[in-house]
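Enquirer: Have a look at this one.
The values are calculated or read from the model by the stated rules, or taken from the named source; none is laboratory data. All values reported here derive from a predicted model rather than from experimental measurement. In this analysis, Cβ positions are derived from the backbone assuming ideal geometry, glycine residues included, and neighbour counts consider all displayed protein chains.
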Amino acid sequence: MSKQVYNFGAGPAMLPVPVMEQIRDEFLDFQGLGVSVIEVSHRAKQFEKVLLDAQESFRQLTNLPDNYKILFVHGGARMQFAALPMNLAARSATKKCLYAETGNFAKLANKDAKVYGDIRVITSSADSNYDHIPEITSEMVDQDAAYLHITSNNTLYGSRYNSFPETGAVPLIADQTSEILSRVIDYSKFGCIYAGLQKNLGPAGTAIVVIREDLLGHAVAETPTLLNYEVCAKDNSLTNTANTFAIYVTGLVLQWLQQQGGVAAIEKVNEQKAKTLYDLIDGTDYFRGVIKPECRGTMNVSFNLSSEDLEAKFLKEAGERGLYALKGHRSVGGIRASIYNAMPLAGIEALATFMREFEQNNG
Ligand SMILES: Cc1ncc(COP(=O)(O)O)c(C=O)c1O
């Protein structure tokens, strides 16, 4: 029996153990075909069912209205930073696209978009090292704009929108990479949401894009075929060879989530997990939370100790205990516990116990 390891990595991140076991068990023989799922044609009827089932599970889990398409697209989340303005900026004659900058990926999103639209950063928390989510009032949302882009959960820091801005007729677009399916969200309030699969859904390199049908059909002529959401929707994500393995794993993770009782049920568990760690952090001066309490999310818990030396000792000893990948992002430093849907309560308890002991021994 290998030693128990809890993976707190930010992404690629841990997946549910039963899903990994199922993948292992059927890897060499998919559905009795005698070949692996990664060897089956993306046009085979067996794979088509995998794709349709994954889409249907997602639709049920999110209560997604019928007028939204679910796409699986290449290039992970960051590819969408460019694909979004290519597909949507031309909705507005001015090509004005609004962005809220609440972290490193939010900044990259508006930077990558600059080539394709008139990008306006309407608010930013960069001055305070992204320690909060600045409010967006309806006056800030120019009704001329093609869309407003937010990063609903900021992976490096752990902040999230605990309520969403009112945008009038301007479609709200959210990068949900590090929180998709972690809480109940009313998708009808969004024009489009997207997420890289590698945190709450499956392997890296592919993204899920959920887009309202009326937003399709505005891509500029230069848009590469594989970044054109309208083409992708028409071909049901099979314009070229899809990332069949990623879609298959995502389907299994979605089934697992249904077995957990769905998004509302996992949301409760996620709240309990984050609360356990934040209560500990708030109950002592030894650990210092990075994010203002009212802007905290449940997926990434970031905190500091009093010195980098102490943080290095913390990480080393945590690693020896099987608490893996707790190092904060290179641009933020400190400690970050990424506790996505698949992280069990036992992992949180193991971390909390270690934190208490570390404080006692090094306080
Ligand atoms: C919020 C957010 N957006 C975008 C990305 C980039 O994702 P990818 O590496 O799939 O391009 C990440 C990666 O961690 C992320 O956390």
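Enquirer: Just to be sure, is G196 within 10 Å of the ligand (Cβ to nearest atom) and touching a His at 6+ places or on another chain (Cβ under 8 Å)?
Expert: The answer is no for G196.
Enquirer: Report, by residue number, each residue of the stretch 268-281 that is surrounded by fewer than 13 Cβ atoms within 10 Å (Cβ to Cβ) and free of Cβ contacts under 8 Å to residues at least 12 places away in the same chain.
Expert: Taking the stretch 268-281 and keeping what is surrounded by fewer than 13 Cβ atoms within 10 Å (Cβ to Cβ), we get 268, 272, 279.
Selection gives K268, D279.
Enquirer: Against the condition out of contact with any strand residue (DSSP E or B) (no Cβ under 8 Å at 6 or more places or on another chain), buried (at least 17 other Cβ atoms within 10 Å of the Cβ) and not in a helix (DSSP H, G or I), how does Y248 come out, does it pass? Before you say what the answer is, go through the steps one by one.
Expert: Details: out of contact with any strand residue (DSSP E or B) (no Cβ under 8 Å at 6 or more places or on another chain): yes; buried (at least 17 other Cβ atoms within 10 Å of the Cβ): yes; not in a helix (DSSP H, G or I): no.
So Y248 fails the test.
Enquirer: If you take the residues in the stretch 336-349 that are hydrophobic (A, V, I, L, M, F, W, C) and surrounded by fewer than 17 Cβ atoms within 10 Å (Cβ to Cβ), which one is farthest from the chain's Cα centre (by Cα)? Before the answer, list the steps.
Expert: Narrowing the stretch 336-349 to residues hydrophobic (A, V, I, L, M, F, W, C): 337, 339, 342-343, 345-346, 348.
Then drop every residue that is not surrounded by fewer than 17 Cβ atoms within 10 Å (Cβ to Cβ), which leaves 345-346.
On the way: L345: 20, A346: 23 Å.
That would be A346.
Enquirer: Look at R78 and say whether it is among the charged types (D, E, K, R) and within 13 Å of the ligand (Cβ to nearest atom).
Expert: yes
Enquirer: Residue pairs, Cβ under 9 Å, 6 or more apart or interchain, first in the stretch 60-89 and more than 19 Å from E230 (Cβ to Cβ), second among the aromatic types (F, W, Y) and within 16 Å of the ligand (Cβ to nearest atom). List them.
Expert: Going by the 9 Å Cβ cut-off, the qualifying pairs are A77/F105; A77/Y194; R78/F105.
Enquirer: Still on this structure, please answer the following. Considering only the stretch 152-205, state which residues are crowded, with 18+ Cβ neighbours inside 10 Å, part of a loop (DSSP other than H, G, I, E, B) and of a type in the set (A, V, I, L, M).
Expert: Within the stretch 152-205, L156, V170, I180, L181, I185, L197, L201 qualify.
Enquirer: Residue check: is L148 in contact with a Cys (Cβ under 9 Å, 6 or more places away or on another chain) and of a type in the set (A, V, I, L, M)?
Expert: Yes, satisfied.
Enquirer: So which of T62, T94 is β-branched (V, I, T), more than 16 Å from the ligand (Cβ to nearest atom), under 17 Å from the mean Cα position of the chain (by Cα) and in the same structural domain as N236 (by TED's automatic domain parsing)?
Expert: Matching residue, one of T62, T94: T62.
Enquirer: State yes or no: is M14 outside any helix (DSSP H, G or I), surrounded by 12 or more Cβ atoms within 10 Å (Cβ to Cβ) and either modelled with pLDDT of 95 or more or not basic (K, R) (or both)? Break it down into steps so the answer makes sense when it comes.
Expert: On the way: outside any helix (DSSP H, G or I): yes; surrounded by 12 or more Cβ atoms within 10 Å (Cβ to Cβ): yes; either modelled with pLDDT of 95 or more or not basic (K, R) (or both): yes.
Here the answer is yes, as M14 does meet what is asked.
Enquirer: Scan the stretch 255-307 for residues that are assigned to a loop (DSSP other than H, G, I, E, B) and among the charged types (D, E, K, R) and jot them down. So that I can check it myself, show each step before the final result.
Expert: Quick first cut of the stretch 255-307, residues assigned to a loop (DSSP other than H, G, I, E, B) only: 260-262, 283-287, 290-292, 297-299, 305-307.
D285, K292, listed by residue number.
Enquirer: Now for a different question. Looking at (1) crowded, with 20+ Cβ neighbours inside 10 Å; (2) touching a strand residue (DSSP E or B) at 6+ places or on another chain (Cβ under 6 Å), can you tell me which one A233 breaks?
Expert: Failed condition: (1).
Matching residues to (1) outside any helix (DSSP H, G or I); (2) under 25 Å from the mean Cα position of the chain (by Cα):
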residue	(1), (2)
D25	no, no
I38	no, yes
Q46	no, no
L51	no, yes
K69	yes, yes
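Enquirer: Can you tell me which residue is farthest from A10 (Cα to Cα) among those in the stretch 308-327 that are assigned to a helix (DSSP H, G or I) and of a type in the set (A, V, I, L, M, F, W, C)?
Expert: If we take residues in the stretch 308-327 being assigned to a helix (DSSP H, G or I) and of a type in the set (A, V, I, L, M, F, W, C), then L310 is farthest from A10 (Cα to Cα).
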